[in-house]
Amino acid sequence: MYWLFALFEGVGVGSLEIGVEPLRAPAEKEAPEGSSQRSALSEAEGDAAYWKPQSKAWLALGGASFFFALAVDVLVPSVQTVKPTAYRIFVGAFPLALFAFYAASGWLLRLRRELLHKAQFIFATGVTLAVWDLLSTKSGILPLPFFPGPVQILQVMAEDWRMLLISSAYSMRLFFAGLITGALLGIVTGVLIGWNRQWFYWAYPLLKISGVIPAVAWIPIAMVVLPTSFMGGVFLIAVASWFPIAFMMAVGIASTPKAYYEVARTLGAGEMFLLFRIAIPNAMPSIFIGISTATSVSFATLVVSEMIGAKAGLGWYLNWAKGWSAYSKVYAAIVIMAVAFSAILAAIDAVKRRILRWQKGLVK
């Protein structure tokens with residue numbers, strides 16, 4: 001691909017950057033990390049990723065907000081019976097961890113810029129915890145059992161951690177089995193539809209028809225046809241993830257400019273080269289959009305599938321806690337789902353940045 005795009009420099013598209021390293025003039029190359037030319041403060045202005053004020057004061061206020069939340073919990077008497085140990089450990093340890101990360105960021109430029117960028121959000125989080133504690137545990141304005149405070153939620157997570165851990169493991173096993181299955185099927189389907197006219201003629205109408213059907217609508221059929229709830233969950237998640245990945249893969253391949261193929265054919269490229277070295281690489285941004293969308297839809301399908309017929313998992317745990325009106329357990333499961341989903345999306349985004357690093361400077 002690198003040689004192919006090099007040929008386009010004379011026809012007005014030389015700014016396209018494909019390959020392991022983007023094409024740059026020598027003066028534009030980045031200085032090594034830790035260099036004085038790349039300080040966190042000097043590059044903050046105009047940075048598309050870290051555009052918040054790069055102020056240490058905001059980071060100090062962020063840590064102070066958690067100490068304020070700790071002081072509120074310790075000094076203000078509670079009207080509800082709680083065990084605040086886990087909550088106090090969390091809000092007290094967080095500023096210390098924040099300080100440790102900041103100290104370590106002296107050798108990690110990106111970590112420091114990330115901390116300074118997130119400082120205002122950290123400050124708002126600490127203030128929110130303090131206000132939430134005041135409205136719930138300290139005053140009872142938010143009544144139990146429907147609106148537990150952060151103290152009750154952390155208490156549940158500390159006391160019920162074994163069941164939460166087991167449920168999370170079951171959910172992640174089901175989620176990744178379904179997502180990987182749907183992703184593989186989606187990639188193959190998308191390549192066939194986007195590359196071959198016969199496959200497009202027969203398969204694309206089916207893709208459009210099946211795409212408008214929610215995956216959870218297949219629950220009655222999955223429960224009857226498939227022998228176990230696990231296989232039924234894998235089927236539902238695979239169906240949910242298959243459509244967005246297949247659709248975006250097909251769109252990405254079909255949108256490849258014909259000029260790329262013409263130049264490659266002129267230089268003797270065969271069909272397999274055109275597919276694997278031009279069409280699929282050109283579709284990579286679309287593929288990652290489809291994977292991100294599929295992850296979101298699959299996670300929602302996971303929770304619903306576990307609430308119906310499953311014997312373990314976060315969805316099962318949430319449904320079981322709701323049946324006992326243990327809403328603090330419900331919120332604890334929701335918090336774990338949010339953390340797990342955010343971690344998965346962060347991992348996908350890291351892989352995307354690594355594979356699509358040639359886009360740096362071309363796409364906001």
How far, in degrees from 0 to 90, does helix 327-355 lean away from the longest principal axis of the Cα atoms of the chain, to the nearest 10? 30
Over the C-alpha atoms of the stretch 161-359, what are the Rg and the largest Cα-to-Cα span, Dmax, in Å? 19.6, 70
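Which order do the peptides 91-97, 141-147 come out in when sorted by mean C-beta neighbours inside 10 angstrom, highest first? Mind showing how you got there, number by number?
Working: 91-97: 16.9, 141-147: 12.4.
Ranking, from highest mean packing down: 91-97, 141-147.
Relative to the compact globular guide of 2.2 N^0.38 Å, what is the alpha carbon radius of gyration of the stretch 68-217, as a ratio? Please list the in-between numbers first.
Numbers: Rg = 24.1 Å, N = 150, 2.2 N^0.38 = 14.8 Å.
Dividing the Cα Rg of the stretch 68-217 by 2.2 N^0.38 Å gives 1.63.
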FRET efficiency, L267 to I180 (Cβ-Cβ, R0 41 Å, nearest 0.05): 0.65
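Treat the count of other C-beta atoms within 10 Å as a stand-in for reagent exposure and order L192, L179 from fewest to most. Numbers along the way, then the final one.
Numbers: L192 19, L179 27.
Ranking L192, L179 by Cβ neighbours within 10 Å, fewest first, gives L192, L179.
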Using the Karplus equation 6.51 cos²θ - 1.76 cosθ + 1.60 (θ = phi - 60°), what ³J(HN,Hα) coupling, rounded to whole Hz, does each residue of the stretch 179-191 give in order, writing x for Gly and Pro? 5, 5, 4, x, 5, 4, 5, x, 5, 5, 4, x, 5
Can you sort F123, F276, F66, F101 from fewest to most other Cβ atoms within 10 Å of each residue's own Cβ? F276, F101, F123, F66
Using a Förster radius of 45 Å, what is the FRET efficiency between W199 and I166 based on their Cβ-Cβ separation? Nearest 0.05, please. 0.55
The value for the stretch 56-148 (convex hull of the alpha-carbon atoms, volume per residue, Å³) is 92
With Cα atoms, 0 to 90° folded angle of helix 229-254 axis to the chain main axis: 40
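Assuming 0.36 nm per residue, please report the length gained on full extension of the stretch W320 to V225 beyond their Cα-Cα distance.
Working: separation 95, 0.36 × 95 = 34.20 nm, distance 2.55 nm.
Full extension of this stretch gives 31.7 nm more.
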Going residue by residue through the stretch 164-173, the Karplus relation 6.51 cos²θ - 1.76 cosθ + 1.60 with θ = phi - 60° gives ³J(HN,Hα) values, rounded to whole Hz and with x marking Gly or Pro, of 5, 5, 5, 4, 5, 5, 4, 5, 5, 4
Can you give the calculated 222 nm mean residue ellipticity of the chain, where each DSSP H run of n ≥ 4 adds -39,500 (n - 2.57) and the sum is split over every residue, rounded to the nearest 500 deg cm²/dmol? -22500 deg cm²/dmol
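Provide the FRET efficiency to the nearest 0.05 for the V339-S255 pair, computing r from the beta carbons and using R0 = 56 Å.
On the way: r = 36 Å, r/R0 = 0.64.
That pair, V339 with S255, gives E of 0.95.
Taking Cα pairs under 8 Å and at least six residues apart, what relative contact order does the stretch 154-307 come out at, in percent? Numbers along the way, then the final one.
Values: 180 pairs, mean separation 50.6, N = 154.
Value for the stretch 154-307: 33 percent.
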Distance from the Cα centre of the stretch 241-311 to that of the stretch 69-109, in angstrom? 43
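Could you work out how much longer the chain between I209 and A300 gets when fully extended? Use 0.36 nm per residue separation minus the Cα distance between them, nm to one decimal. If you can, show how the numbers build up before the last one.
Numbers: separation 91, 0.36 × 91 = 32.76 nm, distance 2.08 nm.
Result for the pair: 30.7 nm of gain on full extension.
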Per-residue ³J(HN,Hα) for the stretch 116-123, Karplus 6.51 cos²θ - 1.76 cosθ + 1.60, θ = phi - 60°, Hz, x for Gly and Pro: 5, 5, 8, 4, 5, 5, 4, 4
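To make sure I understand, if each residue's beta carbon is the centre and we count other beta carbons within 10 Å, what order do W324, W316 fall in, fewest to most? Let's see the in-between values first.
On the way: W324 10, W316 22.
Sorted ascending by nearby Cβ count, the order is W324, W316.
No value in this document is a laboratory result; all are computed from the given coordinates. For clarity, every value in this text was computed on a predicted model and none was experimentally measured. Please note: Cβ atoms are built from the backbone with ideal geometry, for glycine as well, and neighbour counts cover all protein chains shown.
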